[in-house]
Amino acid sequence: MLSIKVPPLGESIVEATVSRWLKKEGDVVAAGDTLVDLETDKITVEVPALKPGVLTKRAKAEGDVVHVDDVLGELDETAVPATVGATAGAATAPASPAPTQAPPAASRSSSPAPAPSQSEATKSSPAARRIAEERGIDIAAVAGTGRGGVISKPDVLAASTQRPSAPTQTRGNGATPGERETREKMSTRRKRIAENLLQSQHQTAHLTTFNEVDMSAINALREKYKEKVEKEHGIKLTFMPFFVRAAVAALKQFPMVNSSIDGDTIVYHHYVNMGIAVASDQGLVVPNIKDADRKGTIELSGAISEVAKRARDGKLTMDDLTGGTFTITNGGVFGSLVSTPIINYPQVGILGLHKTQDRPVAVNGEVKIRPMMYIALSYDHRIVDGQQAVLFLVRVKELIEDPAAMLIE
């Protein structure tokens with residue numbers, strides 16, 4: 001009997017939550033099949049079968065908190081029928097139209113494995129599938145609002161509230177949809193996010209300074225080149241790479257904003273690993289663009305798009321999530337007009353972007369209507385003085401309002 005154990009989860013991660021079992025007890029599995037998904041505070045870890053066999057026991061239930069080397073279940077290697085190896089081999093044969101990943105819950109008989117169910121074929125997040133199963137919702141009937149029509153947890157919850165009143169399945173915590181209150185255990189990721197935010201607030205001298213940016217020049221530049229960039233590079237040209245370029249230039253001028261604290265030591269980073277805050281079904285994550293100071297606008301656009309997609313799909317690696325030196329967060333995509341972002345500890349600065357809104361402003365003694373954005377810099381006053389913080393934000397403003405100046409930075 002082969003024990004299925006929690007694998008190493010990454011630097012400084014000691015626990016995870018069993019997010020979803022993909023195999024049932026008694027299922028025949030091939031080597032490499034994903035048995036269970038584990039959710040950490042940073043990433044989702046897929047635990048595969050190391051050998052072919054039959055899953056005889058699931059020792060942990062969905063929602064259980066587990067630690068490295070805990071036993072998740074047991075796999076009987078000796079119970080594999082001869083047809084399993086042939087089936088697995090056929091799945092990888094070049095002429096076969098089947099997907100490279102073996103279908104779940106293969107039959108023990110020699111009959112062909114059943115096709116994936118409609119819910120399995122639907123593009124949806126693990127959290128969305130779990131909630132749909134708990135509430136008895138056909139996930140294939142839920143409209144996905146994510147990129148490419150991916151169904152997220154909020155989509156399933158919204159569909160749940162729109163259902164007509166009828167007997168429904170009881171949730172694992174004893175609550176049923178329609179009750180005035182429900183209780184749901186906080187996930188490992190949500191708990192860790194909460195701990196990190198409290199740590200940032202309690203262990204830094206947190207202060208925020210604001211400015212506003214006239215987005216006219218960047219709007220014109222983006223409008224001029226966005227079709228060309230998308231046609232030649234297959235990349236949507238957003239505002240974010242311009243702000244990354246401006247922030248990189250400002251960090252070079254004010255290196256203390258790109259530092260971090262290690263005990264009683266200030267660490268100055270002579271490189272910029274730019275964290276980009278991304279909202280996902282599992283909560284806010286901050287993947288990093290490594291060596292952003294060495295990348296041009298087009299390369300940054302591609303890197304930001306790629307890492308954001310991996311974040312939404314739950315495919316981030318530990319390398320994506322570690323080593324950041326400075327962070328940018330954009331609440332404007334959700335309509336936020338102004339906010340005070342929280343520092344991503346142990347970094348000492350975070351740049352907050354907001355919604356662009358037409359406002360009357362004074363230009364050369366005349367009132368003009370211009371697309372304006374409030375920007376904010378939260379900083380650790382133990383390391384960054386107020387003057388440096390204000391001048392950093394002024395430099396970002398100058399570069400965004402005169403993007404040609406970034407060419408000589």
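For this structure, a couple of remarks:
- Set of lysines near Lys252 by C-alpha distance (under 19 Å), chain-local residues within fewer than 8 positions excluded: Lys290, Lys295, Lys397
- Too-long pairs where the Cα-Cα distance tops 27 Å, listed order kept, from Lys153/Lys224; Lys153/Lys231; Lys231/Lys368; Lys153/Lys355; Lys42/Lys153: Lys153/Lys224; Lys153/Lys231; Lys231/Lys368
- Here Ala141 and Leu337 are evaluated by their C-beta separation; at R0 = 35 Å the FRET efficiency comes out at 0.45.
- Each of His270, His354, His233 has its accessible area taken with a 1.4 Å probe; listed largest first, they run His270, His233, His354.
- Restricting the range 234-307 to trypsin sites (Lys or Arg not before Pro) in coil, as DSSP defines it, with at most 13 other Cβ within 10 Å: Lys236
- With 0.36 nm allotted per residue and the present C-alpha distance subtracted, the Arg180-Asp319 stretch has 45.8 nm of extension available.
- Distance in nm between pseudo-label sites at Met406 and Lys309 (7 Å out along the Cβ direction from Cα): 2.2 nm
- Calculated FRET value between Leu284 and Lys226, using beta carbons and R₀ = 30 Å, to 0.05: 0.65
- Here Asp70 sits with roughly 50 square angstrom of accessible surface, probe radius 1.4 Å.
- Extension gain (nm, one decimal) between Ser3 and Ala194, 0.36 nm per residue minus Cα-Cα: 65.4 nm
The values are calculated or read from the model by the stated rules, or taken from the named source; none is laboratory data. What you see is a predicted model, and the numbers here were worked out from it, not measured in a lab. Note: ideal-geometry Cβ built from the backbone for every residue, glycine included; neighbour counts use all protein chains shown. Keep in mind that these areas ignore ligands, DNA and RNA; they rest on the heavy atoms of the full protein, side chains included. Shrake-Rupley method; radii C 1.70, N 1.55, O 1.52, S 1.80 Å.
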